[in-house]
Amino acid sequence: MSSKDRILGRIRRALPDGPSVEIPRDYLPVHGVRTPAQRVDLLAAHLAEYRAVVHRTDGAELPALLTRLLAERGARSVLVPPGLPPHWLAPEGPTRVPDRAASTPYELDRVDSVVTGCALAVAETGTIVLDGGPDQGRRRITLIPDHHICVIRVPDQVVDSVPQALPLLDPTRPLTWISGPSATSDIELDRMEGVHGPRRLDVVLLAGTPGTQ
């Protein structure tokens, strides 16, 4: 018998016999009523509180903005998921590194920046959710490079609350929930950034119709 079997056996013995208990879910699914613009503004405010750097642009200006953000970081290479819209990045700029299964953590650590889309974002918590979709790539490409630029299509990809977000997500996919740059605090509450992921998080709120994005 494996350790897993022992643990599951103990859990089964601890559970009461009979039908499962229905858990009440009578909490508020959302706190307040907002227009799409107010929802995006709330998301931006919470992202800024978490020390993410928020930018707003449209489809026409996006390549120039991404070029500037990469240049400001001195990026010589940028990791690109396979489904990232090709027109998001200008032809000139850092060397593009594809998302490859064979890439080692050491190779990914040498990449300066990564640009991705997202699955959706939650306004009330300032949270970005990645699900490994084509424009996001593997989870590890957003955890190892020191600089992550995440593009959120607004207002379509922004929901008010976590209860609204959950039914829209596939629980079988590798979900990553991001609230600001990676950070932790020691016992004296000194904040350290970049411990478990990117030290710098740039969030681009991309406005416009789907045809222009």
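The values are calculated or read from the model by the stated rules, or taken from the named source; none is laboratory data. Being a predicted model, the structure only gives us computed values, none of them experimental. Glycine also receives a Cβ, built like all others from the backbone with ideal geometry; neighbour counts cover every protein chain displayed. Remember, those area values only see protein heavy atoms, side chains included, never the ligands or the DNA or RNA. Shrake-Rupley method; radii C 1.70, N 1.55, O 1.52, S 1.80 Å.
Looking at Gly211, Gly180, just one residue is modelled with pLDDT under 95, part of a loop (DSSP other than H, G, I, E, B) and of a type outside the set (Ser, Thr, Tyr), and that residue is Gly180. For the stretch 87-123, which positions are under 27 Å from Pro171 (Cα atoms) and of a type in the set (D, E, K, R)? Across the stretch 87-123, the qualifying residues are Asp99, Arg100. Scanning the stretch 142-163 for residues that are in a helix (DSSP H, G or I) and buried (at least 22 other Cβ atoms within 10 Å of the Cβ) gives a single hit, Thr142. Among the residues making up the stretch 75-93, those that are over 17 Å from Arg138 (Cα atoms) and either open to solvent by less than 30 Å² (accessible area, probe 1.4 Å) or touching an Asp or Glu at 6+ places or on another chain (Cβ under 7 Å) (or both) are Ala75, Arg76, Ser77, Trp88, Leu89, Ala90. Criterion applied to Ala101, Ala48, Ala52 was being out of contact with any Ser or Thr (no Cβ under 8 Å at 6 or more places or on another chain), surrounded by fewer than 13 Cβ atoms within 10 Å (Cβ to Cβ) and not polar (S, T, N, Q), and the one residue passing it is Ala101.
Screening Glu193 with (1) open to solvent by less than 60 Å² (accessible area, probe 1.4 Å); (2) modelled with pLDDT of 95 or more gives one miss only, at (2).
Screening the stretch 83-116 for residues that are of a type in the set (Gly, Ala, Ser) and more than 19 Å from the chain's Cα centre (by Cα) and picking the one that is farthest from Val203 (Cα to Cα) gives Ala102. Does Leu42 fit the bill of being within 18 Å of Arg200 (Cα to Cα), in contact (Cβ under 8 Å) with a residue 12 or more places away in the chain and either open to solvent by less than 70 Å² (accessible area, probe 1.4 Å) or over 20 Å from the mean Cα position of the chain (by Cα) (or both)? Judged against the criteria, Leu42 is not a match.
Considering every residue within the stretch 17-35, establish whether at least one is within 16 Å of Ile149 (Cβ to Cβ) and either among the polar types (S, T, N, Q) or in contact with a Cys (Cβ under 6 Å, 6 or more places away or on another chain) (or both). No, the conditions are met nowhere in the stretch 17-35. I'd like the full set of residues that are under 17 Å from Arg199 (Cβ atoms) and touching a residue at least 40 places away in the same chain (Cβ under 8 Å), limited to the stretch 50-99. Answer for the stretch 50-99, where residues must be under 17 Å from Arg199 (Cβ atoms) and touching a residue at least 40 places away in the same chain (Cβ under 8 Å): Tyr50, Arg51, Ala52, Val53, Val54, Leu69, Leu70, Arg73, Ala75, Leu79.
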